[in-house]
Amino acid sequence: MGIRNDLETGLITLHTAHTSYQMWADGLGVVHHLYYGPSIGEADLRCLEFRSDCGFSPQPAGLDMQRDYSLDTLCQEYTGSGVGDYRIGCLRLAAGDGSRIADLRFAGAEILPGKYELPGLPAAFDNGGECETLRLTLRDPVTGLTVILLYGVYEAADVITRAALLENGGTAPIQLEKAASACLDIPFGEWELIHFHGRHCMERQPERAPLLHAVQTIRSARGASSHQHNPFAILAAPHTTEDAGECLGAMLVYSGNFKIECELSQMHSTRLVAGISDDDFCWTLNPGERFAAPEVLFSYSAAGLGLLSRQYHHFLQHNIIRSVWRDRPRPVLINNWEATYMDFDARRIWDIARQAKELGVEMLVLDDGWFGSRVDDRSGLGDWECNEEKLGCTLDQLIGRVREMGLLFGLWIEPEMVSPGTALYAAHPEWVLAAPGRSPATGRSQLVLDMGRPDVVEYLYQVFHRLLASHDISYIKWDMNRNMTDVFSHALPAGRQGEAFHRYMLGLYDLLGRLTRDFPEVLLEGCAGGGGRFDAGMLAYCPQIWCSDDTDPIHRIKIQYGTSFGYPPAAMGSHVSASPNHQTGRSTLLSTRATVAMAGAFGYELDLQKLTDEEKDLVRVQIQQYKALQPLLLEGRYDRLTDALADTCFTAWQFTAPDKSRAVVSLVVIDPQANPWPIHLRLKGLDPAARYRESLTQHIYTGAALCHAGLTLPIMQGDYPALQIMIERMDTE
Ligand code: DGJ
């Protein structure tokens, strides 16, 4: 187990509980990738390497007669630049003399206890004895560029993290035009790419297609990981299903512009390169300086996509989310956004709070519109003083009354933005991203602050530190409502403008890091117009992220389904909203809305006073149900029981306790049928020998029967009815 480095052969093998990853530094110093897959014990897989004299694939200097050796055909751990590998690469650079070449050769390997850290970037951590680090050094002899490849081997979690540090050990500046985090060169096999595309209000929809002999790129150039693409991709063997077959994932711990590129090569090997997008990127690395490329989380499953997802869920919950809230039950909240939008005063908020408290809600979240001149979405961002005239009282008075009612208080902020017309913009027009001589484009009528500037970050730190230190605030919703344009930083010289996007992210992480360290007890919910920045980078600071601005439960099923391939349900903010739904106009039952919202960090976002007495009683019950189910959500196993995007009449999912003592199965009819087919479901992950009582009929089944024979459910018709079925293990007699 752990990391094996055979100094004699140059063979390095990383072992996790169920996987092995093997590489080899040859006599020339080229580091070959040999294998990533199920455990292979002590095997030496160099014998599997395919060598052939491949036409038009050049030989490194000195090997002109060794025609079967070419960087163009070898599988490698990290590629250089301009030395005869024509596939997608990790590196592009311009050295001091204008040359664009880096020939990376092995310069040492070290095994270190614990987990490496990445300066300025979020990364996985070790809770104690979980991880070992491999530090592999590659060097280009001419420029002095050193690339340190970092591997974090999490044995029990079956996760291997990777990152790269690029150091200029030469005497002239190097312009880095591309600096990927990792390359995974898979020598053999057929692979399909699964990625998660979408749009505002329909994020992370899985799409699966065979890899082509062409470059397939998933990317964001928006300055955020984005609604449109997610920095997570899966390679799956063609027949891999939820429960069987090979697949591996690559997830970036990064929230800005990214690229995940895949290419099926001329030799039929598959290359995946992941990292910061090289579009609009150029970083000057002066002698002695170091650049950290963000982390990638790799995980492999030989037993289908379900296991791969569970490996990511567990890893993100335990090794990425740092918040003290990661294992704590989250308070059931009421958010006023869809109840009032920006049309409220303190009395209206107190009415909502009073009603919510009466029904069992635990926290009131005051959303957008409480500050500055914020009466609509065209104004006010940046002036973070409470609008006492609008509220009719001070912020403390508003909070005080909510607290007296016995509720916690949460507040919405959008720190990274500024509205034109605010005092902040008037005082610091140079703080926004905008190029000289041009009026910047707006999005939602707002401008983007240049978070790459230390003075901007310091200012925002002071403002929000003061806000949190001087008010009784238990929760913050950190929103971000536009993508970037006109990315020019007034703090950077002309030759360094290619750094602005990434410096923004470093500034954002710095601010998030400082505030979460200062206020560890504040529950931070990430948000970017819903799920526009739902990634492992943000999860390092926010234990939950508002999953989508689309709260229609029938759409949410699809969004939460897609999100669940990489991200834990406990991290998905999910609320019961009004019917008809404000985004789609669709009417659904209150019970259906709650069933869907209970698959995430649960809350309400509607005018509770408009509910009938019967509905209010139902809300009381729902809150108690959710509180009883929360341990399953936080620590349990999550299974997708159906493909929510397939043309089926219902969709279902299951949470199971780690000790398999109980499970809850949720099912929603998304297309009620005339002359219906049976609704039949096979459960997952139960103890085959144990006996379980099923709550719908009170019948008793073995776990094996529930998983293999399944359940046939009653005919369900009407407007999207839902069911929650409790499965309880009977005490052993
Ligand atoms: C976008 C968020 O996703 C919404 O929930 C809400 O907070 C609005 N912004 C407020 O402007």
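Worth pointing out:
- Residues satisfying the stated conditions in the stretch 648-671, i.e. assigned to a loop (DSSP other than H, G, I, E, B), under 24 Å from Ser574 (Cα atoms) and open to solvent by 30 Å² or more (accessible area, probe 1.4 Å): Thr648, Pro658, Ile670, Asp671
- Breaking point among (1) touching a residue at least 24 places away in the same chain (Cβ under 8 Å); (2) out of contact with any strand residue (DSSP E or B) (no Cβ under 9 Å at 6 or more places or on another chain), for Arg348: (1)
- In the stretch 314-325, residue nearest to the ligand (Cβ to nearest atom) [restricted to those that are open to solvent by 20 Å² or more (accessible area, probe 1.4 Å) and not in a loop (DSSP other than H, G, I, E, B)]: Trp325
- Residues within the stretch 603-622 that are buried (at least 20 other Cβ atoms within 10 Å of the Cβ) and among the β-branched types (Val, Ile, Thr), tallied: 1
- Within the stretch 68-91, one or more residues are more than 23 Å from Val273 (Cα to Cα) and open to solvent by 40 Å² or more (accessible area, probe 1.4 Å).
- Within the stretch 187-205, residues that are in the same structural domain as Glu49 (by TED's automatic domain parsing) have Cβ atoms under 8 Å from residues that are of a type in the set (Gly, Ala, Ser) and surrounded by fewer than 20 Cβ atoms within 10 Å (Cβ to Cβ) in these pairs: Pro187/Ser269; Phe188/Ser269; Gly189/Ala237; Glu190/Ala237; Trp191/Ala237; Glu192/Ala209; Glu192/Ala237; Leu193/Ala209, counting only partners at least 6 apart in sequence or on another chain.
- Meets criteria (closer than 28 Å to Ile349 by Cβ, within 16 Å of the ligand (Cβ to nearest atom) and surrounded by 14 or more Cβ atoms within 10 Å (Cβ to Cβ)) for Ser474: no
- Test: residue in the stretch 222-242 that is surrounded by fewer than 22 Cβ atoms within 10 Å (Cβ to Cβ) and in a strand (DSSP E or B): no
- Selection of helices (runs of 4 or more DSSP H) fully inside the stretch 326-442 by the criterion of at least 2 residues being within 16 Å of the ligand (Cβ to nearest atom) and either out of contact with any Lys or Arg (no Cβ under 7 Å at 6 or more places or on another chain) or open to solvent by 60 Å² or more (accessible area, probe 1.4 Å) (or both) returns 337-340, 346-359.
Rundown of residues vs (1) in contact with a His (Cβ under 9 Å, 6 or more places away or on another chain); (2) within 16 Å of the ligand (Cβ to nearest atom), yes/no style:
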site	(1), (2)
Phe488	no, no
Gly495	no, no
Gly507	no, no
Leu515	yes, no
Glu521	no, no
Gly531	yes, yes
Gly537	no, no
Asp552	yes, yes
Gln560	no, yes
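- Residue match in the stretch 443-451 (condition: open to solvent by 60 Å² or more (accessible area, probe 1.4 Å) and either farther than 28 Å from Asp279 by Cα or not basic (Lys, Arg) (or both)): no
- Some residue of the stretch 94-110 being within 27 Å of Thr171 (Cα to Cα) and open to solvent by less than 10 Å² (accessible area, probe 1.4 Å): yes
- Every residue from the stretch 580-608 that is under 16 Å from Trp337 (Cβ atoms) and polar (S, T, N, Q): Asn581, Gln583
- Filter result (of a type in the set (S, T, N, Q) and within 14 Å of the ligand (Cβ to nearest atom)) within the stretch 562-580: Ser574, Ser577
- Candidates are the residues of the stretch 31-54 that are closer than 14 Å to Leu74 by Cα and part of a loop (DSSP other than H, G, I, E, B); the one that is most open to solvent (accessible area, probe 1.4 Å) is Phe50.
- Scanning the stretch 675-690 for residues that are more than 35 Å from the chain's Cα centre (by Cα) and surrounded by 16 or more Cβ atoms within 10 Å (Cβ to Cβ) turns up just one, Ala690.
- Strands (runs of 3 or more DSSP E) completely within the stretch 673-726 that count 3 or more residues being under 18 Å from Lys660 (Cβ atoms): 691-694, 700-702
The values are calculated or read from the model by the stated rules, or taken from the named source; none is laboratory data. Because the structure is predicted, anything quoted here is derived from the model rather than measured. Glycine gets a Cβ as well: all are built from the backbone with ideal geometry, and neighbour counts include every protein chain shown. These area figures cover heavy atoms from the full protein model, side chains too; ligands, DNA and RNA do not enter into them. Shrake-Rupley method; radii C 1.70, N 1.55, O 1.52, S 1.80 Å.
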